[in-house]
Structures are given as C-alpha cells and as structure tokens.
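Quick notes on the structure that follows.
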Amino acid sequence: METTKRVSRRQFLRVTGIAGGGMLLATYIPFFDTASDAFAAEPTAADFIPNAFIRITPNGAVTIMAKNPEIGQGIKTMLPMIIADELDVDWASVTVEQAPLDTVKYTPAQVAGGSNATPQNWLPMRRVGATARMMLITAAAQTWSVPESECTAASGVVTHRGSNRRLTYGELVDRAATVPAPALETVTLKDPKDFRIIGTRVPGVDNFRIVTGKPLYGIDVTMPGMLYAVFEKCPVFGGKVATANVEEISKLPGIRHAFVVAGTDNLNGLVGGVAIVGDTWWAARSARTRLKVTWNEGPTAAQSSAGFIAQAAALAKQPQQRSIRRDGDVEAALTSAARTVEADYYYPFIAHAPLEPQNCTAHFKDGKLELWVPSQTPASGRALTARTLGIEEGAITINLTRMGGGFGRRLSNDYMVEAAWIAKEIGVPVKLLWTREDDMKHDFYRPAGWHYFKGGLDATGKVVAWRDHFITFGTAQGFASSAGMSAGEFPGGYIENYALDASTMASGIPTGALRAPGSNGYAFAIQCFIDEMAQAAGKDPLAFRLAMLSHPPVVPRPVAAEPSAVPGGPPGAPGGAPPGRGGGGVPGATTQGGSGGPAAPGAGRGGGGGGAPGFDPARARGVLELVAEKSGWGTKQLPRGTGMGIAFHFSHRGYVAEVVQATVARDGKLKVDKVWAAIDIGSEVINPLNAENNAQGGVIDGISEALGQEIVIDKGRAVQTNFNNFPLIRLTQIPAVEVHFRKTEFPPTGLGEPPLPPAIPALCNAVFAATGKRIRSLPLSKHDLKWV
C-alpha cells in the first residue's frame, strides 16, 4: 500500500491504479469512540482506517470485498449489495470475495454477532458505492468536457444526457483513478425509490458452491503436508491433566505426536489437555480412544444443575442481593392491589450445537502463524492467540472461512488458540477438528435463569405493580457472561410500580452469548407471565399488551450502577466476559446482558422514555397489531386441543411479534401448526429473500430450543453429549412460518437475532390456550401435556 499521509476528516477514499489497468477504491472513514471525538483536533493518519474495497478492471468487471464473517446470516451477499446499488452496477457483473482479517483496512470491526452488521455498515457501505459512482461520473465529464450535472450513471455506464454519449466504467477506470476523492458531506446518496438492488430478492453468492459441495468451510481446509489433531480436555470445566500415557499413544500407527498442554486458567482460551497429532484425523481420533488420563478436576466438580436449582429456591426466599431497577412503591402497590398473581419461571443451560464442529487449521513457521478459521470474532481470536503464544499480533495472519453455524459459539476462540499452540509445537500445518461430543461438552452455554414474579392488578384489570426477583450466575461484582438483565427490559418503564431485583450464585460453568443473548431466556418468562396477568385480569392477551404499551413512559429512579459482567476472567467462569461485550452481548448491542458498544445511528430514536435504550412502544404496538391482523387473532373458531399464543420482544434494535398456533392431542403429543411473525427493522429490508430466511430460521431455532433442549450439569460436567440427548428440531416438526415486515422511518437494523425470543413464549402461550396448562419451565419435553 502507498504511504498514508496526514489527511482531512473530509477525505475518506483512496483510489489507486492496479497492475494491468483498472482502479482500486479503499474507503477511509473516521471511527469515533465517542460523539465528542468528531469535534476533536485534526487527526493523525492513524485515525483513518480503510473499511471496504471496490476493484474495477478495464473490461468492466467489478469485485467487491465482503469484510464480515459469514455464518449463514447472508452478510457476504448483503453488504456487497449495498455497495453495488450505490455504485450503480448490475448485480450480475459483480464478483464477491471474502476479505481476510485486516483491522487496518476494514471498519467497523469484522465481527458476526449482535445483529450489528446492518446498523453499523448501512451508511458506510452506501458511501463507498456512491463515492465511486461520483468519481466515475467526474471522469466521464472530464473526458467529454461537460458539466458533471449533465451526466448520469446506470448499469456500469455513464451517459451524457445532452449528446447520449456513453462510456463504461471499464473505459473510465484509468482517468477515474486520478480524480480527487470528494468530501464526505458532498457524496450524494440515492433516493431509496431509486434502489435497483437493495430491496430485491438476491440469492446467496455461495449458494451454488454450497449445494455442489465445494470447499468453503473451515472443516474443508486442506494443504500439502497437513497433519490432523484432536484435543482431549477434562470433562469437568477448569480441570487439569495430572497424568497421561502420551508416550504409549505416540507409538501407535499413524501418530506423529502426543503431548500434554498445560494450558491456562482462562476457560475462554487455552485450557489444559492432551493433544494427539496424526497422519489422518481418524488415526488421531482412534488413538484418542486408548488415551488414559487422570485429571485434577478442581472445585467445579462439586457443582450440578440440581444444586443450582436448590440454591435458586433458597435465594428466592431471601431479600434480593441488589436492585437493577426500582420505580414507585412496589410493596405498597402489591398490598393495595385488587388482585395479585405469583409465578416462578425457569429456563436451563442450553448448548449452541452448530452443525459444523469447532475447527481451525494452523501453520507456524519462522516465527509467524497463519490460520484458516471459522470465527465470529477473528480480531479477538488473534489477540488471544498472540498473548497465549507470546508473539506479536502482526505475526499472525487470519483467513476467514465460511461457518457452518455459530449462534454465538464462535464469538469465543478457544479452538483457535488450541490449534495455534499445537502448530507451534510441531512446526507443520495441522488441522484441529473437534468431535460432536467435544463441541457439546465444551461449550459456553446459554446460562440458566430463574424469575420469581409477583404482579398486581387494580379493579379494572390494569397492571399496577410488577416485581421480578431474577436469580442467575455471578458474584457480588456482577453477572456471569450473558447472564445479566438490563434495567430497561420491558415492562420496565411502563408500569408505575416496578422492581427488577437480582441475586447471583457462583458457578464454574462457562456461559456465553447464544443467539439473542439474554433475550432467548427472559423473553419466555416475561411474556408468559404477562399472559398470566392478562388471564387474571380477564383480558385478551393482545389487548392486555397493547394497554401496557400505551402507558406513559416512567422515568427510572436511580439505583446503584450494576456492572454487566464479572470482570477479570473468561465468560462464565466466576470471572468475566469477553472484552467489549459486557455481560455477554456483542459490540453495539443495546439491551442484552450488557452494552459493549455504541448504538447505530437512529437506534436510540423513538419514545423509549424509561424503557430499554431505543425502545419505542409505538413500534412494538405496530408489530403486535400487524401480526394480529395477519394471523386472524381472535377471529377463528379453533377445535379443542388447538390454541393460539402471542408474544412480542424488542432485542438488537428489532421489534418482533409472533403468533403461534399449536395443537396438543389428548395423549399430550404437541404439533406446532403455524407461526406468523411481524417484524420492524426500519425503513429497508435490504435482501427480502435472506431476511425471510433469517426470520424463519430464528423462529424455528426458538421452537427447537423450547421443545427439547437442555444441558444438565452433574459433577461439574455436561451430561448431554450429542444429538441423541440434545435434540434439534426435525424437518417433520417444522411449521409453516409466515413473515411480514412493517417498514418504518428508522434506519435499517439487523435480523439475525430478533425473531427468536418471542417464538418461545408464543408457543408456550399457545399450549396453555390448547390445554389450560401453564408452561413455567423449559424444555416442553419435560411436561405432561395430556388433557381431558
């Protein structure tokens, strides 16, 4: 790259020629840690970092780099679509390439998580394409000696209106490469009515390669001379190797190396274990069956799900350890209420269970490390690897592969640092591949949680008091990773007398962000208890929710600040969350288990008042009304044993309401008939085809979690080890999912997570409507749903 010199904040695009002709456009957009930084003194070159590239060649071929990791959420297609539309090229002429990790070239961060890609990249990617288009128009105007205002661009061609002269982008690249970059504020973005790619149904750029079995995923990586590794870890979290028969293992056929890795105390990094490296993965896997290890299991061996349940029950009878939010006088309001309702809710640990187990290919040579890895947070993984191996981050190259699912599991990079350590030990390329059992037994689980509710109603059926004693994991310093709950979680801010209290218990079980972290648990509890309150009030569940959302926002009463995660350790250990993720959220997430980053432009607009950051009750009412209309809520005569349930939730800047229709046979067999989803993610649905897929997938994922998923801890280890006892939903169980988008004036936001949380309570409320049985704990498979 050319040497970067001091430039004005107004300049953000670099244009260079490329070998063989053409031009390369690299964007430079200032990144501000806080809003006040925008008014700071003139920056140095270090303040400007590139975040996307466009390459145009003389034959008109356009290559757009997809900077973010692809985990099936469609970002490898969607972000280039935004650039291509503003660039004014035909999608058929675009080739998309996956960018490697490069924190100098690409901002915002190359991360997959928190449904952040759309809000963080919407304007920057539009400006990338629009600036390139303006420069090409300038080049054409200079060629013809005409004003730029007389020229237009479309389909990769600039046309002079007066003479109808035309030049393709390919014909203009050499001159365009000499055009000065325009000032940021002068870039004219398209009127949304003129979008030609945004808003159209575009198939994924990798679809053909996926269905024809081409190598795309981390598990597919091969290279000459590559060996294969497995890694045995203590089944008890935090345990360490005492003895191992590595000498015996190293003499087995096809085995090159077997050695003990001492590891660290960081459950989110390199833990202790035994590495076995062979000529083939099966050789290493087979040798592992003959491995004999004695473990120092450590204190977590005394922990169990049964023990946690007993501790939670005891804590519920005691005063809360802290208050997250307190409005009004809850105790007085409950005492004077015409009617009170009490209920206890519980949701268990669950695993991420991506179809592609964790893996990483690594090659350490001459003091430098190269990795091929499916990671949602590759920059964090590089930093972790550098610290653990004692090398500079600059000595590590990371190539991003497509991921066969992540759901938050690959926010952690333990498998990356394991492969790197093994590669450094043996000095040749090596692929570490976990088994399904490894993946299930060594996860960062969605934390279990308990909610002890008490609500009060006045004589008219209005909610006048609400108390939630939330019990979860952590210490006096804060919550374990993804175990927290924010002060603004609905219905906080919309009930005059409201208390969200919390108590925590210590745990050595690693926890972390799972799709819609936090929300995937407490949405179930909150929305089901709202249904209980509606029943006690004699109100329709939809009308009851709409009335709650119509309450004027309550200004929150100050309480002592609560740290969102325990500092100083790995997720889920009694210590901490990944840097920048608060209580297990992801950068930019505003309502889950912690903050961790700035909200997107417009994310905080609306009438949130005393509720969640950015929460707008009008948008929540809008999706409720839309889903009620589309599902025929309250208008259908359903047979006995069939019911409809409703729920809504705001998470990751998205508003989603869902109605589930379910049938329960007399023998208790449950069938989910259909789901309707109404979604508000702002003014644009960038790729409706992928958006529908994301929404349907989120709903199905939530239903799958509700039906039968649970991780039980016994003696400090996970009992469930594979899909035989941790079932995923089967194709025959999947209902039709009808998706409707409600467009609003707000900037577009993400969709990977918001559809999941309301699916679980909507299903449980449907089961109640069908059977009269309340579901207050998950999974549903543990309930007797028989009815007479």
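Looking at segment 305-382, the strands (runs of 3 or more DSSP E) lying wholly inside it that each contain 2 or more residues that are open to solvent by less than 40 Å² (accessible area, probe 1.4 Å) and closer than 30 Å to P69 by Cα sit at 359-365, 368-373.
Take the residues in segment 709-744 that are within 24 Å of the chain's Cα centre (by Cα) and among the charged types (D, E, K, R), then tell me which one is nearest to Y655 (Cα to Cα). Per the stated criteria, the residue is R742. Of the numbered criteria (1) at pLDDT 95 or above; (2) open to solvent by less than 60 Å² (accessible area, probe 1.4 Å), the one V559 fails is (1). Residues in segment 527-556 that are part of a loop (DSSP other than H, G, I, E, B) and modelled with pLDDT of 95 or more: 4 in all. Regarding segment 399-411, can at least one residue be identified that is under 26 Å from P779 (Cα atoms), at pLDDT 95 or above and part of a strand (DSSP E or B)? No, segment 399-411 contains no residue that is under 26 Å from P779 (Cα atoms), at pLDDT 95 or above and part of a strand (DSSP E or B). Residues in segment 689-744 that are acidic (D, E) and out of contact with any Ser or Thr (no Cβ under 6 Å at 6 or more places or on another chain) were compared, and the one that is farthest from V659 (Cα to Cα) is E710.
Residue count for segment 113-125, restricted to those that are within 24 Å of A513 (Cβ to Cβ) and either among the basic types (K, R) or in contact with a Ser or Thr (Cβ under 8 Å, 6 or more places away or on another chain) (or both): 4.
Filtering segment 650-675 to residues that are in contact with a Lys or Arg (Cβ under 9 Å, 6 or more places away or on another chain), open to solvent by 10 Å² or more (accessible area, probe 1.4 Å) and part of a strand (DSSP E or B) leaves F650, Q661, T663. Scanning segment 720-747 for residues that are assigned to a loop (DSSP other than H, G, I, E, B) and crowded, with 16+ Cβ neighbours inside 10 Å yields Q720, T721, F726, P727, I729, P735, R742, T744, F746, P747. The number of residues in segment 73-101 being closer than 30 Å to R382 by Cα, among the hydroxyl-bearing types (S, T, Y) and either within 19 Å of the chain's Cα centre (by Cα) or assigned to a helix (DSSP H, G or I) (or both) comes to 1. Residues in segment 228-267 that are assigned to a loop (DSSP other than H, G, I, E, B), touching an Asp or Glu at 6+ places or on another chain (Cβ under 6 Å) and closer than 30 Å to A506 by Cβ: V236, G239.
The values are calculated or read from the model by the stated rules, or taken from the named source; none is laboratory data. Only a predicted model underlies this, so the values are computations on that prediction, with no experimental measurement involved. Cβ: placed from backbone, ideal geometry, glycine included. Neighbour counts: every protein chain shown. Protein only, heavy atoms only, side chains kept; ligands, DNA and RNA dropped before computing areas. Shrake-Rupley method; radii C 1.70, N 1.55, O 1.52, S 1.80 Å.
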